[in-house]
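Heads up, the thing below is written out as structure tokens.
The values are calculated or read from the model by the stated rules, or taken from the named source; none is laboratory data. Keep in mind that what you see is a predicted model, and the values were worked out from it rather than measured. We place every Cβ from the backbone using ideal geometry, glycine too, and count neighbours over all the protein chains shown. The accessibility values were calculated without ligands, DNA or RNA, using every heavy atom of the protein model including side chains. Shrake-Rupley method; radii C 1.70, N 1.55, O 1.52, S 1.80 Å.
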Amino acid sequence: MPQTVALRLYVLLFFLVSSIANSADFEEPSAILRTEDAIGFAFNTRGSLAVDSRDHACAAYYIADDVSKPPQNRIWLIDISGGDPSSPVRIDHAPTGGGRHPKIAFDAAGILHAVWQDYRHVTAGGNYIDNVEIFYNRRPTGGVFPSEDIRISHTNAGHKGDNGFLPQIAIGANGRVHIAWYDFTASGNNAEIYLRSSGGAGEFPDQIGIDNFRVTTIDSADDLVSHWMPDAAALPGGEVYIVWGVQQGFQGIFPLQGRSIAQDRTLGAIETIAEQGGSFLDPPRLAADKVGNLGLIYTIRSEGMNSICFQYRPREGVWSNPAFINETGADSSQPCLAFDMNGTVHLVWQEDMGGIYQVRYALLDPTDFTIRSRKPLSLKNADARTPAIAINPITDRIHCAWIERNDEGERTIVYLREQETKVEDWRLFD
């Protein structure tokens, strides 16, 4: 090839790659569900939306029942293929009680994994806070969820603190499924963090009790100290990294800690990540890229304003100092993040526009915290909340979802995805 032609093609490729790497063009948002039911994503929205290598997306939500005791909550899933949504399909199979805070994830084989907290094992007296357990199910590619859910936690501690909350799911490159949650079983007053991992084939054998899965220990007898709101990320070597908050006195903002857990369950040293790192209703979100670098996003509150911070931990390094992501003077919350194949971080969050929230998006270089792109995703006149983001593991196509609500009580799940690249065959530029 002549040198001049090659140079022109190189320049063209440079600008194409730069354009793709520094911006994201999205399709128009579309409503995939409208309802008057009290629907919601999990407090931690990382895992409310998932996408596989075929660009098939799924959104998981729950319908809250705040009247019945025990509450008859329900967990539902919407499949989105080619941008078109299916009718909702129920995930949980609880005869009574139901659950909240569903999280989903695809593995490399296209199997969809789901986890949630469940009220079906309430005590004989029927008090719905007497026994909350963690349940799991998986749907094979092209199949349906089996009618028998798998019970992950078996507290049976004999006190009214038998409760496991807000499970998180992470899928390892080796096919293992990792489920983390916080649980009051040990004392009834102090919550601890637990991690249960499947076998290599994704199977969870029958297990009574959960003592073997505990990864934190509270030495203090202070009833106001607890470990809360974990998130988990699977790393390439088979280990898992877990982040959690340390609640002291039930204040709104709490410090963040974390540690790695090896495949043989050897516990790494506990690291202090941030002095302020989230709240009960807006917990921290953790993600890992393909080589094991970690990204953490969370909300802090100062002088009556919510701000969003990001921290980065290289595979063989230590946690960076916090970097502010949202624009100065903007009240921002509910951030969510995902890595693409190049290790770039994609972020979404909600921003208060004077009582109406708008979903915003940013593209972040985690090595120097440079914001390459920043744009709104939702319409200004729509009250958009609790965004979630997921990225196709092969093509890096971005998918987002959030919940809008109006004054009449109607709630809408809104979905959009990145437009497809205009480059049809990258071999043209070899």
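Some observations on this one:
- Cα-Cα over 32 Å, subset of Lys103/Lys290; Lys103/Lys380; Lys69/Lys103; Lys290/Lys380: Lys290/Lys380
- Highest mobility in the GNM of the chain, judged by mean-square fluctuation with C-alpha springs under 10 Å and restricted to Phe26, Phe41, Phe184, is found for Phe26.
- Max mean-square fluctuation residue, GNM over the chain, Cα-Cα springs under 10 Å, options Ile403, Ile179, Ile208: Ile208
- The distance between label points at Arg54 and Met341 comes to 1.9 nm (points 7 Å beyond Cα on the Cα→Cβ vector).
- Per-selection Rg to Rh, the stretch 335-424 - Cα, Kirkwood hydrodynamic radius: 1.01
- Within the shell of other residues whose beta carbon sits under 10 angstrom from the beta carbon of Trp244, the net charge comes to -1, with Lys and Arg scored +1 and Asp and Glu -1.
- With DNA, RNA and ligands ignored, accessible area of Met305 (1.4 Å probe; Å², nearest 10): 60 Å²
- Entry for P(r) over Cα pairs in 10 Å bins from 0, in percent (calculated from the structure that is shown) out of (i) 4, 13, 15, 16, 14, 11, 9, 8, 5, 2, 1, 1, 0, 0; (ii) 5, 21, 30, 24, 12, 6, 2, 0; (iii) 4, 22, 33, 26, 11, 3, 1, 0, 0: (iii)
- Taking the 1.4 Å solvent-accessible surface of the chain as the whole, the part contributed by carbon and sulfur is 51%.
- You can think of it this way: the chain between Asp84 and Phe204 has 39.9 nm of extra reach, that is 0.36 nm per residue less the Cα-Cα gap.
- FRET E, pair Ser373, Ala31, Förster distance 22 Å, beta-carbon r, rounded to 0.05: 0.30
- The gain in end-to-end length when the Ile394 to Val291 segment is fully stretched comes to 35.6 nm, 0.36 nm per residue minus the alpha carbon separation.
- Added length on full extension, which subtracts the Cα-Cα distance from 0.36 nm per residue, Asp264 to Ala38: 77.2 nm
- The GNM of the chain, with springs linking C-alpha atoms under 10 angstrom apart, assigns the highest mean-square fluctuation among Phe324, Phe135, Phe106 to Phe324.
- Electrostatic bookkeeping for Leu267 treats Lys and Arg as +1 and Asp and Glu as -1; over the other residues with beta carbon under 11 Å from its beta carbon, the sum is +1.
- For Asp289, net neighbour charge (Lys/Arg +1, Asp/Glu -1) across residues whose Cβ lies under 13 Å away: 0
- Average Cα contact separation per residue, the chain, under 8 Å, 6 or more apart, as relative contact order %: 13 percent
- Distance between the pseudo-spin-label points of Phe324 and Gln72 (7 Å out from Cα toward the beta carbon): 4.9 nm.
- Nearest-10 value in Å² for the accessible area of Ser68, using the 1.4 Å probe: 50 Å²
- Taking label points 7 Å from Cα along the Cα-to-Cβ direction, Asp365 and Ala109 give a separation of 4.0 nm.
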